[in-house]
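*Asks:* The following block contains the structure, expressed as structure tokens.
The values are calculated or read from the model by the stated rules, or taken from the named source; none is laboratory data. The structure displayed is predicted, hence computed values, not measured ones. When we count neighbours, we look across all protein chains shown, and the Cβ atoms used for this are built from the backbone with ideal geometry, even at glycine.
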Amino acid sequence: MSNTNTIPVISSAQKLILKVQEGPILPFPDGSTISKYGANNEAPQIVVFNGTDPSWQGAAAGDYVIINEVPTDVAKDALIIYADGQTNETLQEALDFLVEKGYVDQYTTDQDFVDSKLSAAGPILRNGSGIVKRDDRDVVDAWCEDGVYYVAPNGEARRIEPDILQRTYRNVDGSEIDLEMFG
């Protein structure tokens with residue numbers, strides 16, 4: 001972060017989280033790019049493609065798949081698909097449904113992240129799957145360097161498109177981000 005004009009921001013995007021269940025270890029597709037951010041890339045029981053990265057991530061039983069920016073009505077439909085058994089098969093059916101609807105920003109995380117960074121924003125199933133949002137306690141830095149925008153979740157810089165930054169993040173006071181703030 002060489003730019004000193006960082007702005008503290010919080011994510012405001014609604015997310016859908018679906019819990020991974022016990023199941024067989026699955027391989028990644030041949031020749032796939034595997035993200036280092038996967039919750040469990042060593043012995044995944046589900047593998048998901050992040051269409052915004054683009055890369056694959058794995059998760060094991062007890063981990064979650066997060067899908068960004070899913071509207072409530074679509075998230076509820078996906079929850080119904082998943083809840084019909086709450087297996088990795090119904091999880092995959094729900095993920096496929098979301099991809100068909102255009103919600104391809106899918107990635108994996110662990111229980112600690114869910115417990116420390118997310119709070120309910122809609123229906124939650126007994127196993128913790130449901131509609132959530134980032135907590136306001138999760139303040140991250142955002143900045144622009146040479147016309148490229150970045151956010152630093154977990155202290156690690158990640159490139160973000162300006163429209164996604166404006167749509168999915170807010171200033172810590174809840175106001176909308178104005179890209180001119182970055183200079």
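*Asks:* Of everything in the range 4-23 that's hydroxyl-bearing (Ser, Thr, Tyr) and part of a loop (DSSP other than H, G, I, E, B), which residue is modelled with the lowest pLDDT?
*Replies:* Thr4
*Asks:* Looking at the range 43-67, I want the residues that are free of Cβ contacts under 8 Å to residues at least 24 places away in the same chain and more than 14 Å from Ser129 (Cβ to Cβ) and have a partner that is of a type in the set (D, E, K, R) and surrounded by fewer than 21 Cβ atoms within 10 Å (Cβ to Cβ) with Cβ atoms under 9 Å, at least 6 apart or on another chain. Which pairs are those?
*Replies:* Ser55/Lys36
*Asks:* Looking at Asp63, Asp105, Asp96, can you tell me which residue is over 22 Å from Leu165 (Cα atoms), surrounded by fewer than 21 Cβ atoms within 10 Å (Cβ to Cβ) and of a type outside the set (A, V, I, L, M)?
*Replies:* Result of the check over Asp63, Asp105, Asp96: Asp96.
*Asks:* Further question: Within the group Pro162, Pro123, Pro153, which residue is at pLDDT 90 or above and outside the structural domain of Pro44 (by TED's automatic domain parsing)?
*Replies:* After applying the criteria, what remains is Pro162.
*Asks:* Another one. Among the residues of the range 69-83, are any closer than 19 Å to Pro24 by Cα and surrounded by fewer than 20 Cβ atoms within 10 Å (Cβ to Cβ)?
*Replies:* Of the residues in the range 69-83, the ones closer than 19 Å to Pro24 by Cα are 82.
Add one more test, that the residue is surrounded by fewer than 20 Cβ atoms within 10 Å (Cβ to Cβ), and what stays is none.
So far as the range 69-83 goes, no, none of its residues is closer than 19 Å to Pro24 by Cα and surrounded by fewer than 20 Cβ atoms within 10 Å (Cβ to Cβ).
*Asks:* Among the acidic types (Asp, Glu), touching a residue at least 40 places away in the same chain (Cβ under 8 Å), out of contact with any strand residue (DSSP E or B) (no Cβ under 8 Å at 6 or more places or on another chain) and farther than 14 Å from Tyr64 by Cβ: which single residue out of Glu156, Glu145 fits that description?
*Replies:* Working: Glu156 fails: touching a residue at least 40 places away in the same chain (Cβ under 8 Å).
So the residue among Glu156, Glu145 that is among the acidic types (Asp, Glu), touching a residue at least 40 places away in the same chain (Cβ under 8 Å), out of contact with any strand residue (DSSP E or B) (no Cβ under 8 Å at 6 or more places or on another chain) and farther than 14 Å from Tyr64 by Cβ is Glu145.
*Asks:* Can you tell me which residue in the range 63-106 is modelled with the highest pLDDT, limited to those that are of a type in the set (Asp, Glu) and assigned to a loop (DSSP other than H, G, I, E, B)?
*Replies:* Restricting attention to the range 63-106, the residues satisfying the condition of being of a type in the set (Asp, Glu) are 63, 69, 73, 77, 84, 89, 93, 96, 100, 105.
Still in the list and also assigned to a loop (DSSP other than H, G, I, E, B): 63, 69, 84, 105.
Details: Asp63: 98, Glu69: 88, Asp84: 88, Asp105: 93.
For the range 63-106, the residue satisfying everything is Asp63.
*Asks:* So Pro44 clears everything in (1) assigned to a loop (DSSP other than H, G, I, E, B); (2) within 17 Å of the chain's Cα centre (by Cα); (3) under 24 Å from Asp115 (Cα atoms) except one condition, right? Which one?
*Replies:* Only one criterion is unmet by Pro44, namely (2).
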